[in-house]
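The values are calculated or read from the model by the stated rules, or taken from the named source; none is laboratory data. Quantities reported herein were computed from a predicted structural model and do not represent experimental measurements. Note: ideal-geometry Cβ built from the backbone for every residue, glycine included; neighbour counts use all protein chains shown. Remember, those area values only see protein heavy atoms, side chains included, never the ligands or the DNA or RNA. Shrake-Rupley method; radii C 1.70, N 1.55, O 1.52, S 1.80 Å.
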Amino acid sequence: MLKLDIKKVAPFVSAETINGFAGSVAEAQKSLEAGTCPGNDFLGWLHLPSSITPEFITEIKAVAATLRSECEAVVVAGIGGSYLGAKAVIEALSNSFQWLVNDGKNPVILFAGNNIGEDYLSELTTYLKGKRFGVINISKSGTTTETALAFRLLKKQCESQMGKDVAKKVIVAITDAKRGAARTCADKEGYKSFIIPDNVGGRFSVLTPVGLLPIAVAGFDIEQLVKGAQDMEQAAAAPFAENVAAQYAATRYALYESGKKIEILANYQPKLHFMAEWWKQLYGESEGKDKKGIFPASVDLTTDLHSMGQWIQDGERSIFETVISVENPEHELLFPSDDENLDGLNFLAGKRVDEVNKMAELGTQLAHVDGGVPNIRIAIDRLDAYHLGQLIYFFERACGIHCQLLGVNAFNQPGVEAYKKNMFALLGKPGYEKETEAIKEKLRG
Ligand code: PA5
């Protein structure tokens, strides 16, 4: 089971202070369970893992099998919660050099619809030219500009390269049951589609078809992913003293109250880069409202010790660090000996590379604590689907609890609308005439 170590928080916030929040955490858990918290119509994620049936997994796997057999490449079109979970899990489980070692057994998984980069989209469509490719179009609202743009391009290209009949087999929609352009299009064209439950928001949706289908198409074990989440769902119901999610939430809150406003999620495995991106969205979009919330940042270590390390060690003391540590790497590699020993590193010869990495981790933690940075450590046994499932639910549950402690609605994102309103006004979207005038006036001066 995932381990949480908060000993290195002690010089900054005492165990008594953290344990003092146990009562509020219990209240928060109760309000999640009873559905009395703000945003209570979006609590479908809370018992999602335990509600997933073997039949549902079989259905996902059947659709994944079709895409895997028909396609050399599959493009996952989605943004925010409609892509980050799948991207995080696929990256964490894939070979680091998947582009180069692809043996043709798995389709290449590509992501689009998460930006408006003209070069990105042109280069994607160029790469797909002449290839048998499929599309998983993911949008809960079905109206998100970034995703809709990518889908328009991909649908046209897929149909023109493979014909309408094949396109129907290899385009899958994951969207609302009734509303939105993605639903209308899927129904009209006869695409296979999955529903994003009404009561599950985007950033909590990785264990719905939003995450499960792309992960299954990539060839990874979604049963184990769900099993890990189910085990953590159970563990997260335990009393405070045995409940890692509750303790993580209380520790973050104690640190926030003590003036630590930024949390840096650090990993020592480059494959976890996108896990941090998923985590940043989960926490950033859930907490950052009403002028409250911990700012979620991330670093890949030891890489970023040579860029961000100086700031973390010596900059303004408003940060704390949470390290995700993977206890056992999948491979074994020894530090090589060298006859000339020009770099003076022969004292490491014969040691596991992971031992060096772990000492870098411990040394960094100690240095950061000495430098005034409280340190939380989350350890998982290995980087596999089961442990990622645990990690995902752990973070979701702790996020739900922490937002109650902060007193914010975890499940809305009103701030996201501001850029859309301006963008549509600037682009002259019909219905935005007043906003267009107002923004022009503002720009004039
Ligand atoms: O967490 C969220 O709700 C958001 O990040 C959404 O996932 C994101 O904005 C994409 O929305 P949609 O799935 O409606 O296209």
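Limited to region 199-221, what total is found for residues that are away from the ligand (no atom under 12 Å from the Cβ) and either farther than 20 Å from Ala385 by Cβ or at pLDDT below 95 (or both)?
Adding up the residues that qualify gives 1.
Please give the helices (runs of 4 or more DSSP H) falling wholly within region 117-190 in which 1 or more residues are of a type in the set (Ser, Thr, Tyr) and open to solvent by less than 10 Å² (accessible area, probe 1.4 Å).
Details: elements: 118-128, 145-162, 164-170, 181-189.
The helices (runs of 4 or more DSSP H) meeting that bar are 145-162.
Looking at region 127-142, can you tell me whether even one residue there is in contact with a Lys or Arg (Cβ under 8 Å, 6 or more places away or on another chain), of a type in the set (Ser, Thr, Tyr), within 16 Å of the ligand (Cβ to nearest atom) and closer than 20 Å to Lys192 by Cα?
Yes; the residues of region 127-142 include at least one that is in contact with a Lys or Arg (Cβ under 8 Å, 6 or more places away or on another chain), of a type in the set (Ser, Thr, Tyr), within 16 Å of the ligand (Cβ to nearest atom) and closer than 20 Å to Lys192 by Cα.
Table: residues versus (1) at pLDDT 95 or above; (2) closer than 30 Å to Ala254 by Cα.
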residue	(1), (2)
Phe335	yes, no
Gly344	yes, no
Phe347	yes, no
Met359	yes, yes
Val373	yes, yes
Asp381	yes, yes
Leu391	yes, yes
Leu406	yes, yes
Leu443	no, no
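Output the residues belonging to region 87-116 that are in a helix (DSSP H, G or I) and touching a Gly at 6+ places or on another chain (Cβ under 7 Å).
Val89
If Thr17 satisfies all but one of (1) crowded, with 20+ Cβ neighbours inside 10 Å; (2) closer than 30 Å to Asp370 by Cα; (3) among the β-branched types (Val, Ile, Thr), what's the number of the condition it fails?
(1)
Among (1) more than 21 Å from the chain's Cα centre (by Cα); (2) modelled with pLDDT under 95, there is one condition Gln98 misses while meeting the rest; what is its number?
Condition (1) is where Gln98 drops out.
Any idea which residue in region 274-297 is most open to solvent (accessible area, probe 1.4 Å), counting only those that are more than 16 Å from the ligand (Cβ to nearest atom) and part of a strand (DSSP E or B)?
Per the stated criteria, the residue is Phe295.
Suppose the filter is surrounded by 12 or more Cβ atoms within 10 Å (Cβ to Cβ), aromatic (Phe, Trp, Tyr) and under 17 Å from the mean Cα position of the chain (by Cα); does Tyr386 pass it? Explain how you work it out, then say what you get.
Values: surrounded by 12 or more Cβ atoms within 10 Å (Cβ to Cβ): yes; aromatic (Phe, Trp, Tyr): yes; under 17 Å from the mean Cα position of the chain (by Cα): yes.
Against the criterion (surrounded by 12 or more Cβ atoms within 10 Å (Cβ to Cβ), aromatic (Phe, Trp, Tyr) and under 17 Å from the mean Cα position of the chain (by Cα)), Tyr386 qualifies.
Quick one: Leu110 ticks every box in (1) touching a strand residue (DSSP E or B) at 6+ places or on another chain (Cβ under 8 Å); (2) buried (at least 17 other Cβ atoms within 10 Å of the Cβ); (3) closer than 15 Å to Tyr83 by Cα bar one, so which box is it?
The single condition Leu110 does not satisfy is (2).
Condition test on Lys271, is it surrounded by fewer than 23 Cβ atoms within 10 Å (Cβ to Cβ), touching a residue at least 40 places away in the same chain (Cβ under 8 Å) and part of a loop (DSSP other than H, G, I, E, B)? Steps first, answer last, please.
On the way: surrounded by fewer than 23 Cβ atoms within 10 Å (Cβ to Cβ): yes; touching a residue at least 40 places away in the same chain (Cβ under 8 Å): yes; part of a loop (DSSP other than H, G, I, E, B): no.
Against the criterion (surrounded by fewer than 23 Cβ atoms within 10 Å (Cβ to Cβ), touching a residue at least 40 places away in the same chain (Cβ under 8 Å) and part of a loop (DSSP other than H, G, I, E, B)), Lys271 does not qualify.
Provide a single number: the residues in region 47-65 that are more than 16 Å from the ligand (Cβ to nearest atom) and open to solvent by less than 50 Å² (accessible area, probe 1.4 Å).
Our first condition is that a residue be more than 16 Å from the ligand (Cβ to nearest atom); within region 47-65, this holds for 47, 49-65.
Next cut, open to solvent by less than 50 Å² (accessible area, probe 1.4 Å) only: 49, 52, 57, 60, 63-64.
Total satisfying the criteria: 6.
Could you list, in sequence order, all residues of region 330-356 that are exposed (fewer than 15 other Cβ atoms within 10 Å of the Cβ) and within 29 Å of Val244 (Cα to Cα)?
Glu330, His331, Glu355, Val356
Kindly list, by first and then second residue, each pair from a residue in region 144-161 that is more than 17 Å from Tyr127 (Cβ to Cβ) to a residue that is assigned to a helix (DSSP H, G or I) and at pLDDT 95 or above, limited to pairs with Cβ atoms under 7 Å and residues at least 6 apart or on different chains.
Partner pairs satisfying both residue conditions: Thr147/Ser82; Glu159/Ala167.
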